[in-house]
1. Going residue by residue through segment 312-334, is there one that turns out to be away from the ligand (no atom under 16 Å from the Cβ) and of a type in the set (Gly, Ala, Ser)?
2. Mind checking which residues of segment 379-402 are among the hydrophobic types (A, V, I, L, M, F, W, C) and within 16 Å of the ligand (Cβ to nearest atom)?
3. With respect to residue 373, determine if the residue is touching a residue at least 24 places away in the same chain (Cβ under 8 Å), closer than 30 Å to residue 47 by Cβ and not hydrophobic (A, V, I, L, M, F, W, C).
4. Could you give every pair whose Cβ atoms fall below 7 Å, whose first residue belongs to segment 555-583 and is free of Cβ contacts under 8 Å to residues at least 60 places away in the same chain, and whose second residue is surrounded by fewer than 24 Cβ atoms within 10 Å (Cβ to Cβ) and basic (Lys, Arg), counting only separations of at least 6 or pairs across chains?
5. Within segment 58-92, work out how many residues are crowded, with 18+ Cβ neighbours inside 10 Å and hydroxyl-bearing (Ser, Thr, Tyr).
6. Go through (1) of a type outside the set (Ser, Thr, Tyr); (2) buried (at least 18 other Cβ atoms within 10 Å of the Cβ); (3) within 13 Å of the ligand (Cβ to nearest atom); (4) over 20 Å from residue 279 (Cα atoms) for residue 513 and report which single condition fails.
7. Out of 598, 527, I need the residue that is among the acidic types (Asp, Glu) and in contact with a helix residue (DSSP H, G or I) (Cβ under 6 Å, 6 or more places away or on another chain). Which one?
8. Which of (1) crowded, with 18+ Cβ neighbours inside 10 Å; (2) assigned to a loop (DSSP other than H, G, I, E, B) does residue 176 not meet, given it meets every other one?
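The values are calculated or read from the model by the stated rules, or taken from the named source; none is laboratory data. These numbers were taken from a predicted model, which means no experiment stands behind them. Backbone-built Cβ (ideal geometry, glycine too); neighbour counts: all protein chains shown.
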Amino acid sequence: MLSSRVSEKRTTAKPQELQKAAPVKGHPPMTTYREFHRRSIESPEDFWREQANRIHWETRFETVLDRSNPPFSRWFVGGRTNLCHNAVDRHLAERAQQNALIYVSTETGIERQYTYAELHAEVNRMAAVMRSLGVKRSDRVLIYLPMIPEAVFAMLACARLGAIHSVVFGGFAAPNLAARIDDAKPVLIVTADAGARAGKVIDYTPLVDEAMSRATHKTPHVLLIDRQLTPERLNAPYLVAYEPLREQFFDVHVQCEWLESTEPSYVLYTSGTTGKPKGVQRDVGGYAVALAASMEYIFQGKPADTMFTASDVGWVVGHSYIVYAPLIAGLTTVMYEGTPIRPDGGIWWRLVEQYKINLMFTAPTAIRVLKKQDPALLKQADLSSLRTLFLAGEPLDEPTASWIADSLGKPVVDNFWQTETGWPILAIQRGVEALPQKLGSPGVPCYGYDLTLRNENTGEPCPPGEKGVITLGYPLPPGCMSTVWGDDARFVKTYWESVPNQQVYSTFDWGIQDEDGYVTILGRTDDVINVAGHRLGTREIEEALSSHKAVAEVAVVGVTDQVKGQAAIAFVVVRDAAAYDSDDARAKLSADLCATVDRQLGAIARPAQVALVSMLPKTRSGKLLRRAIAALAEGRDPGDLPTIEDPSALQQIRDAVALGFGTRGG
Ligand code: AMP
């Protein structure tokens with residue numbers, strides 16, 4: 001295992017005086033949500049100028065907001081700052097001995113704690129190692145790591161050097177990784193020998209090796225964190241072992257690079273309508289300010305609190321609420337490798353007791369999984385430290401919301417947002433005003449977001465109670481994506497030109513808003529599905545399936561799943577139907593198709609069911625009727641349909657559903 005000089009376990013948290021966030025002028029304590037939100041929309045410059053006091057600026061900005069080139073917005077122009085300084089160095093004076101990071105892996109049994117001083121040292125070592133491998137300001141570093149502390153060190157080390165990190169979720173397969181390498185063109189990849197999930201070790205180096213050979217861009221070095229989890233050893237010339245370099249640079253201090261506020265801090269790829277993932281690019285200063293503000297107004301996290309965000313650093317929730325926000329706000333963040341039910345369904349609650357966790361954040365899927373466990377496990381732990389549970393990433397169904405709120409006896413705060421926005425769009429902002437919750441709704445628009453539901457055909461605002469596309473007006477608040485990496489035109493076209501007659505940002509979510517402003521989410525307007533809180537593009541899955549030689553055509557849709565929220569279902573037309581007329585042949589094909597998806601995208605994208613049909617429902621112009629297929633797959637009425645090329649195709653989908661789809665996937 002990695003040698004580490006980290007602190008001994010402490011059983012009790014050190015009593016520490018809770019520090020108030022830097023006072024923000026103009027926010028009288030009695031401000032109501034409505035006034036607060038209105039001011040953020042009517043006077044964004046004044047509003048965000050005040051919020052900007054929450055972070056350290058090496059050079060104060062000259063202009064709060066540059067709106068000269070809509071729909072682009074540039075926040076805090078002329079300001080120079082650094083995310084790593086704000087997350088780590090800035091706290092050394094007051095909280096060097098407070099834990100910054102608590103790491104728990106139920107996969108390996110390792111638990112470690114890093115004070116801010118120790119985190120600072122580790123980040124400096126990582127930054128020195130990266131620098132020795134040629135990484136410098138504005139270079140890209142691709143981080144393909146499991147949930148280990150080095151993932152946090154690597155992200156912060158990039159921020160320190162001014163390099164742009166692109167974290168790729170460890171569950172993604174080699175072709176996925178290759179596509180991201182070719183888009184980001186990194187100078188360095190940081191990886192580990194293996195990840196672990198539910199007791200299964202997944203070798204990473206063969207995946208990286210395959211991705212390296214598939215990618216056109218040649219990355220000079222791959223830095224390897226050796227967890228000694230696997231005997232599999234690659235001996236590729238580009239591999240550089242981290243541990244000897246870490247020892248070599250053990251005491252080196254690397255200066256923080258002061259970056260322009262608008263420079264890119266990271267690129268995080270996310271799925272959309274096309275098969276090609278988009279690199280969501282974020283800035284430095286706007287992101288830091290937005291996260292710091294969200295910790296007060298939405299998450300109510302105070303310095304020295306402990307926050308446990310059970311997500312993955314490969315997702316936006318991990319970027320914002322495992323790494324940057326809690327550290328910027330001086331909290332202790334808990335990083336967890338494992339599932340919520342191993343060794344048993346009480347593990348997360350025991351962590352709350354053991355580490356006196358105050359704030360918890362996860363996805364509804366995890367709660368649905370925990371709901372199936374013995375309820376006694378929840379009651380056995382002392383949860384008195386816990387103040388609030390936050391849930392995001394997918395719709396929170398009412399039974400799950402009620403169950404967890406009743407079981408915990410604590411507020412449960414649903415919040416709606418996206419990789420693109422970096423922090424919540426909708427939530428009850430208890431740090432502003434503790435408005436009542438309404439079951440089934442994540443709440444009201446967060447300050448900074450000029451949210452309007454619009455008619456998909458006319459672009460006109462919808463009256464309360466009418467379903468519409470959730471849109472955001474210009475400018476987006478700080479912290480939201482600045483552009484699509486390397487493709488400004490795609491940013492404009494995808495996000496700002498999809499609502500008729502209006503230049504507004506589309507979330508690609510349907511919603512409905514009530515008289516009080518509460519919004520309920522009604523699913524995506526595009527071909528994105530949400531499986532266990534993971535956003536997947538059905539087009540990507542279709543492309544993977546189409547690469548199988550037996551497949552002529554395929555449609556992938558999402559259907560409701562009791563635990564995962566949604567599951568992907570594939571309707572496949574094969575080239576040679578006669579070859580698949582036996583159950584055995586169909587079962588083998590289904591397994592093959594699932595394996596193809598595993599190899600190309602990763603097991604998270606594997607369809608839950610594969611059904612063979614002889615044709616797919618299409619319009620006369622050949623457009624696939626996805627919404628109709630999705631409705632039929634869920635046993636719903638597909639509603640009004642355009643003229644269909646061959647109506648019997650609809651019947652085939654109905655028959656496949658009635659037969660339980662025929663073959664089961666993963
Ligand atoms: P991602 O970019 O992976 O975070 O996925 C964002 C998408 O997840 C949103 O566009 C929604 O479709 C969905 N989503 C996120 N949070 C919620 C929520 N609280 N309720 C309903 N859907 C959500």
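1. Yes, because at least one residue in segment 312-334 is away from the ligand (no atom under 16 Å from the Cβ) and of a type in the set (Gly, Ala, Ser).
2. Initial filter on segment 379-402 (among the hydrophobic types (A, V, I, L, M, F, W, C)): 381, 383, 386, 389-392, 396, 401.
Selection gives 389, 390, 391, 392, 396, 401.
3. No; evaluated as a whole, the condition is false for this residue.
4. 580/586
5. Going through segment 58-92 one residue at a time, the tally reaches 2.
6. Here residue 513 clears every test but (3).
7. None of the others qualify; the one that does is 527.
8. All conditions pass for residue 176, except number (2).
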